[in-house]
Every structure is written in structure tokens, then in C-alpha cells.
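Taking it in order: structure first as C-alpha cells, then the write-up.
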Amino acid sequence: MENPECLKLDNQLCFPLYVIAKEMTGLYRPFLDELDITYPQYLVMMILWEHDGLPVSSIGEKLYLDSGTLTPLLKRLEAKGFISRKRKKEDERVVEVFITESGKALQLKACEIPGKLLKKIDAAPEDWIALKESVQKILNKIEK
């Protein structure tokens with residue numbers, strides 16, 4: 001039998017990653033509630049603020065979401081008036097997503113969120129950078 005110590009929760013990397021992801025999402029909630037969007041919707045909007053007019057498939061790739069998860073999320077954002085979805089003229093199978101004027105106005109309000117979050121957690125910027133770089137290294141290895 002393998003060493004049972006390896007199955008203790010305190011010895012797992014996955015558990016603190018799970019908890020920090022859950023807690024971070026929870027910290028965003030009050031700020032996102034003010035904007036009337038959820039955390040996954042916020043992620044979609046951040047992608048579109050950076051690259052407007054992306055196909056749904058590209059958004060899904062960037063967020064690691066399948067179309068079954070992404071489509072209802074996009075429908076809710078569209079119902080709120082933040083995005084519009086249009087079929088590409090050259091290939092009607094492709095749906096592109098565009099930011100509306102309301103979505104652009106939302107970006108101005110959302111710009112305050114990162115600063116508010118950093119203030120709430122009170123960690124040094126270099127700690128955030130080191131954590132992000134470490135997690136990204138692991139994620140890159142998983143993706144290979």
C-alpha cells in the first residue's frame with residue numbers, strides 16, 4: 001500500500017487552489033452585484049473589452065468553457081443589453097459577440113474592481129504577481 005499520508009487534505013495542492021478560487025470569486029461578488037453581472041459574465045466581458053467581435057468558440061477557448069455552458073451565459077448578457085450576438089455573413093455557423101454601448105459603459109464601472117479587490121485583501125503587488133506566475137506555470141504544464 002502507498003503511503004496514506006499522501007491522501008491527507010493538508011498534503012494536497014488541489015485543495016488550497018480550490019479554496020482560493022472559491023474565496024476570490026466570493027470577494028468579487030459584492031462588486032459585481034453592483035454591476036448586475038456574475039463572475040463568469042465578468043470574465044466574458046473582460047475578454048470582449050480586450051477583443052470585441054470574437055466568435056463564441058474563441059471566447060470558450062479563452063475561458064475553458066464549452067458552448068453548452070457559454071451560450072446561456074451569453075444569452076443573459078445579451079438580455080441585459082451588454083452584448084449582441086450576430087451570425088457571420090461569410091459563414092452563418094459562426095456567431096460573433098460584440099459589446100454594446102451599455103457594455104462599454106459597464107467597462108468604465110468595472111475598472112474600479114481590481115483596485116477595490118487589492119485594497120480589500122491588502123497583499124503586496126509582488127505577492128500577487130508571483131502567485132499568478134506560479135499558477136500560470138502549472139496551468140501551462142497541464143495544457144501540454
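The values are calculated or read from the model by the stated rules, or taken from the named source; none is laboratory data. This is a predicted model, so every value here is computed, not measured. Here the Cβ positions follow ideal geometry from the backbone for every residue, glycine too, while neighbour counts run over all protein chains shown.
Would you mind stating whether Lys62 is among the basic types (Lys, Arg) and either touching a residue at least 40 places away in the same chain (Cβ under 8 Å) or farther than 17 Å from Ile47 by Cβ (or both)? No; evaluated as a whole, the condition is false for this residue. Taking the residues in segment 45-59 that are in contact with a strand residue (DSSP E or B) (Cβ under 7 Å, 6 or more places away or on another chain) and exposed (fewer than 15 other Cβ atoms within 10 Å of the Cβ) as candidates, determine which candidate is farthest from Ile113 (Cα to Cα). Among those residues, the one meeting the criterion is Gly53.
Within segment 1-23, track down each residue that is in contact with a helix residue (DSSP H, G or I) (Cβ under 8 Å, 6 or more places away or on another chain) and of a type in the set (A, V, I, L, M). Quick ask: steps written out before the conclusion?
The first filter runs over segment 1-23 and keeps only residues in contact with a helix residue (DSSP H, G or I) (Cβ under 8 Å, 6 or more places away or on another chain), leaving 5, 9, 11, 15, 17.
Across segment 1-23, the qualifying residues are Leu9, Leu17.
Among the residues here, Tyr64 does not qualify as at pLDDT 95 or above and of a type in the set (Ser, Thr, Tyr). Annotation: Phe98 fulfils all but one of (1) in contact with a Gly (Cβ under 8 Å, 6 or more places away or on another chain); (2) under 26 Å from Cys14 (Cβ atoms); (3) of a type outside the set (Gly, Ala, Ser); the unmet one is (2). Among the residues of segment 85-95, is any modelled with pLDDT of 95 or more and closer than 24 Å to Phe31 by Cα? Within segment 85-95, none of the residues are modelled with pLDDT of 95 or more and closer than 24 Å to Phe31 by Cα.
Counting only helices (runs of 4 or more DSSP H) that sit wholly inside segment 1-110, those with at least 3 residues that are within 22 Å of Val135 (Cβ to Cβ) are 14-35, 39-50, 56-63.
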